[in-house]
1. So between residue 92 and residue 53, what do we pick up on full extension, going 0.36 nm a residue minus the alpha carbon distance?
2. Could you sort 13-24, 133-144, 40-51 so that the peptide with the highest average Cβ count within 10 Å comes first and the rest follow in order?
3. Between residue 157 and residue 84, what is the label-point separation in nm under the 7 Å Cα-to-beta-carbon projection?
4. Starting from the 7 Å offset along Cα-to-Cβ, what nm value, one decimal, do you get for the label separation of residue 132 and residue 144?
5. Principal axis lengths of segment 3-268 from Cα atoms, whole Å, largest first?
6. For residue 104 and residue 6 in one chain, what is 0.36 nm times their gap in residues minus the Cα-Cα distance, to one decimal in nm?
7. Once you have the Cα-Cα distance between residue 124 and residue 273, take 0.36 nm times their residue separation minus that, and quote the gain in nm to one decimal.
8. Give the Kirkwood hydrodynamic radius (Å, one decimal) of segment 1-139, defined as one over the mean of 1/r across all pairs of different Cα atoms.
């Protein structure tokens, strides 16, 4: 089926974007999403390489992403540091650490590395099923649960949430960790399903694209998933053109998903109804 490769190529961006919806609804923009995904990719590959078990690799990847996300949260939430600056620092740290660890263990021959992949039934793997189920589940979580309503209040008007007896810092951290979990799945999927390997900076900007898809999706998980499918379609085109023998510069096809993300930000970003307190640090009034 043609739809299955589309879902597969869309999965890393879609998973990261849906998790980021929850994070941004709480008032935090995790610019360090790219770094979390990259850490997840490396540790998923490493654990799978050591144990020959892709499910253990998946657990290691998600754990690595959660730790990276927690590091971002400490500075961005509890120390009220600028979220863009902290996120950029996390991305650079992740790029340097994973690259150094990869070269120290595998050297230049790492490009030939191959690990067992997560399989599925007729091309449908369990993470893909979870991705599709997440869109309605996350929508229900935000719209129909007390926790979701409190998180949305933290993103719109945190003083009101605090006045209602909620801890803004705690709720923001919880929403951030939900996003960290999904970024871990996204990075691990890239290493254990799509590539079956690891390469330095293999996320290649997908974290930033996921953030753009949150804007495109108007901060709704179901629309973020649909937006990510557009990116997956663009990414899969390069392989389709190779199959049909069409002579299209591969550099242009590689750049196509990022061009689409940029166009989306220019055309859709204006007037987008973002959470009112997005990226604004909050300190409890005494």
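1. 11.1 nm
2. Listed from highest to lowest mean packing, they are 13-24, 40-51, 133-144.
3. Between residue 84 and residue 157, the label points sit 2.7 nm apart.
4. Going by the 7 Å Cα→Cβ label model, 2.0 nm.
5. Principal extents (Cα only, largest first): 60, 39, 35 Å.
6. Between residue 104 and residue 6, full extension yields an extra 31.8 nm.
7. 50.2 nm
8. 16.4
Every number here is computed from the coordinates shown, using simple stated rules; none is lab data. What you see is a predicted model, and the numbers here were worked out from it, not measured in a lab. FYI the Cβ positions are ideal-geometry reconstructions off the backbone, even for glycines, and counts take in every protein chain you see.
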